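Here's the structure we're looking at; comments come further down.
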Amino acid sequence: MSVSKELSGMKFRKAYPVIVCAILFVLVLILRFRILYDFCFLVTDADQLLLWDAANDIHHGIFHEPCFYGQAYNPLVEPLFAQVFLIFGMSLRFALPLVSWIFGFLPFVILGLAFFRDKKYYSVVFTLAYLLWLPIEFHAIDSIPRGYVPACAFAAIGIYLAMFSENRMKFFWFGFLSLIGFTISQNCIFLIIPAAIYFWLHNIKSLKFYLQSFAGLLLAMPLPVFIYWFYATHPAYNVHGIEYTFDFDTFKLAFTHIDQIFNYLSPEKKYQFLTVSVLYFVFAVICFVNKKFISGISIISGFIVLLFTLWFDKAQDVEDNYFFSGVRMYLGVPVSFALFSYWAESSFKSVSNKWIWKSIILTFFLFAGIVCMSQRNRLFKTNLYGAMASTDVVPAEFVDAIIAKSNHLQQLCLAYHSDLVILDNKQVGLGYIIPALNYPFKILRPVYERRTWDMQSEDHIIRPNFILLPDDPEQAEEWQGQGIDIKPTTDPKAFLIATHGKKVFAILKDMKIDVRAH
């Protein structure tokens, strides 16, 4: 009897880490599915709707530009991969969020599975508990289609192939996928740089490492080169250009609102940067104490890169709202912590030979994960839906509401035999949803229209009329006094303007409505 009890005890001890990993993974999966179902499918914003437009164009075989419309960065990865679902009849409102949701979760799944196969259960448990500990807003940022989410997924696949696979060309794939990821968004640099230094220091005398890495970078080079060439030869398409400021004054300024920059990397509003710094420090110290200097140096390099980014003013282009949070530029940091936990655990010859200590550590993370999951569920709607009203830079709205507005404008166009709507107000999202869902009706926001090709084509078209949604409807009488043929419609906020042979933009300029250079 005692022998059988001892055998049962041994089996349980072996199974317990797996059980803890499984429970935490199920909890994370439930949380992520709720983010997808109760948020990503229900809420959208102006930037997401622009990707709806891009996905719709690609679906119909139309290529306008390689990156997020109107800017020379963030290639259209999510609209491209969304075609897999669009081909099978899935609507835009589901296809794009699903793609981004997969890309956002993929780095943790890939690395977590690698840790699990290597029996580094503490790393798996830390990664899963850490995801549950992060605030619900982080999971929203990491799931919405905005152009920056896929980068870490490509980088993580490259790291997986280089570190955990038997692939002969593993360093080729690391170089190739790292540059692809970096081109998509520089937020994966916090993952790429520590991994690159780790591989380099471990293979410093290996010719194979240098040749394969260089070949991978070379093969990935056409993507950034093409993007550079396209916007250099089509400068009017780069509406939302970036001019970086890099100086010590910017670095000092960052520390006056450092927690806002790193908001949502910790559940607490205060000490965001301190929490991130402590995690870097703890992982590095563990590696150095256990004489795994290469791992420790690689982790420190990640922290140096993080500090380096604070010298750029772009890192401070943030709003105290998850729709325009600084974390979008630091999504690689949480993924890097998963990798660092693996290096830290691997630095021990044995984390603990005593079952009691193993069980205490695993049980602590398990209960911490359960408590965090309870908190995330309790604050889900309050934190996510409540923040929608305070978005200034990127307006957000419920999908059903904005689709209803779009369909209303379509009916207005049909009623007045018009196929162009000019938007001169803050309803930015409408400008991008009309072409995606209500073709062939077109809507333009001339003051800051990102779709340059539509602006250019309008220079060669004479329309009989168009519908105007002005910022101030009371200006209609003033415009009538200036000789503009403007009439009210059944919608008190919309007006029908007859062109009498004049081009639309010429009329808008007569009305003192800004039309950007194009």
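The values are calculated or read from the model by the stated rules, or taken from the named source; none is laboratory data. Everything numeric here is computed off the predicted structure, so don't read it as measured data. With ideal geometry, Cβ positions are generated from the backbone for all residues, glycine too; neighbour counts draw on all protein chains shown. These accessible areas exclude ligands, DNA and RNA; they are computed on the full protein's heavy atoms, side chains included. Shrake-Rupley method; radii C 1.70, N 1.55, O 1.52, S 1.80 Å.
In table form, for the structure just shown:
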{"item": "Accessible-area order (highest first, 1.4 angstrom probe) of the listed residues K205, K14, K292, K170", "result": "K205, K14, K292, K170"}
{"item": "Nearest 10 degrees, 0 to 90: helix 272-289 Cα axis against the chain principal axis", "result": "30 degrees"}
{"item": "Helix 207-220 axis, angle to the chain major axis (alpha carbon atoms, nearest 10°)", "result": "20 degrees"}
{"item": "The range 165-305: relative contact order as a whole-number percent, Cα under 8 Å and 6+ apart", "result": "28 percent"}
{"item": "The range 197-345: projected area of the alpha-carbon convex hull, averaged over directions, in nm²", "result": "11.7 nm²"}
{"item": "Dipole magnitude of the chain about its Cα centre (Cβ charges: Lys, Arg +1; Asp, Glu -1), debye to nearest 20", "result": "3020 debye"}
{"item": "Between 0 and 90°, nearest 10: helix 2-35 axis offset from the chain longest Cα axis", "result": "10 degrees"}
{"item": "Cross-link reach list, aspartates and glutamates versus K503, counting only Cα pairs under 20 Å and skipping chain neighbours closer than eight places", "result": "D419, D424, E449, D454, E458, D459, D485, D514"}
{"item": "Accessible area of W229 in the full protein assembly, 1.4 Å probe (Å², nearest 10)", "result": "130 Å²"}
{"item": "Peptides ranked, highest mean first, by Cβ atoms within 10 Å: ranges 370-376, 71-77", "result": "71-77, 370-376"}
{"item": "Total charge dipole magnitude, the range 378-518, about the Cα centre, Cβ charges on Lys, Arg, Asp, Glu only, Debye to nearest 20", "result": "420 debye"}
{"item": "Accessible area of the chain belonging to carbon and sulfur atoms, whole % at 1.4 Å probe", "result": "66 percent"}
{"item": "Heavy atoms of H64: accessible area, 1.4 Å probe, square angstrom to 10", "result": "40 Å²"}
{"item": "Charged-residue dipole, Cβ positions (Lys, Arg, Asp, Glu), the range 93-210 about Cα centre, Debye nearest 20", "result": "340 debye"}
{"item": "Cross-link pairs K119/K349; K119/K291; K119/K358; K119/K205; K381/K405 - those with Cα-Cα distance over 19 Å", "result": "K119/K291; K119/K205; K381/K405"}
{"item": "Per-residue [θ]222 nm for the chain (sum of -39500 (n - 2.57) over DSSP H runs n ≥ 4, rounded to 500)", "result": "-19000 deg cm²/dmol"}
{"item": "Anchor K14: aspartates and glutamates whose Cα lies under 15 Å away (excluding residues fewer than 8 positions away in-chain)", "result": "E6, D118"}
{"item": "Surface accessible to a 1.4 Å probe, per residue, for the residues of the chain, Å²", "result": "46 Å²"}
{"item": "Cα-based reach from K120 at 17 Å (exclusive), listing aspartates and glutamates while leaving out same-chain residues under 8 positions away", "result": "E345"}
